[in-house]
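As structure tokens, the structure follows; a few thoughts come after it.
What follows draws every value from the coordinates through simple rules; no lab data is involved. Worth saying up front: this structure is predicted, and the values here are computed from it rather than measured. So basically every Cβ, Gly included, is an ideal-geometry build from the backbone, and we count neighbours across all protein chains shown.
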Amino acid sequence: QVQLVESGGGLVQAGGSLRLSCAASGTIFRINSMGWYHQAPGKQRELVAAITSGERTSYTGSVKGRFTISRDNAKNSMYLQMNSLKPEDTGVYYCNRAGGLGYWDSWGQGTQVTVSS
């Protein structure tokens, strides 16, 4: 059973920064592509950043240039550095597998990010 625990969210003003962390267990973390998913209030969860096992990264257009995804396989962990935050970045952020195999059914509790204008 995969377990995912997200942390690092909070309340920041527009233009501020946050660093999210994801701790994974119950899987061979290093072989999986991983991603950060954003669920804005009243909207569907969407993938905003992904990183392959080989550390290739990709971003959705709205966060490109502002967010940086990284991973530490030795710690079974993944991170999301969020800079120049905007009110539209508000929502709950989740980590999960990304890529062709799709996400695991088991989601963590997520971490709330609130950006005030």
_Between Gln1 and Glu55, how high is the FRET efficiency from 1/(1 + (r/R0)^6) when r is the Cβ-Cβ distance and R₀ = 22 Å? Nearest 0.05._
0.25
*Specify which residue in the list Gly91, Gln109, Cys22 is farthest towards the positive end of the charge dipole of the chain, using unit charges on the beta carbon of Lys, Arg (+1) and Asp, Glu (-1), about the Cα centre.*
Cys22
*asked:* If you take every residue apart from Asn73 with its C-beta less than 15 Å away from the C-beta of Asn73, what net charge results, scoring Lys and Arg +1 and Asp and Glu -1?
replied: +3
*Taking the mean number of other Cβ atoms within 10 Å as a proxy for protection, how do you rank 46-52, 2-8 from highest to lowest?*
46-52, 2-8
_Ignoring solvent entirely, what values of log10 I(q)/I(0) come out of the Debye formula for the chain at 0.09, 0.15 Å⁻¹ when each Cα is a single scatterer?_
-0.21, -0.58
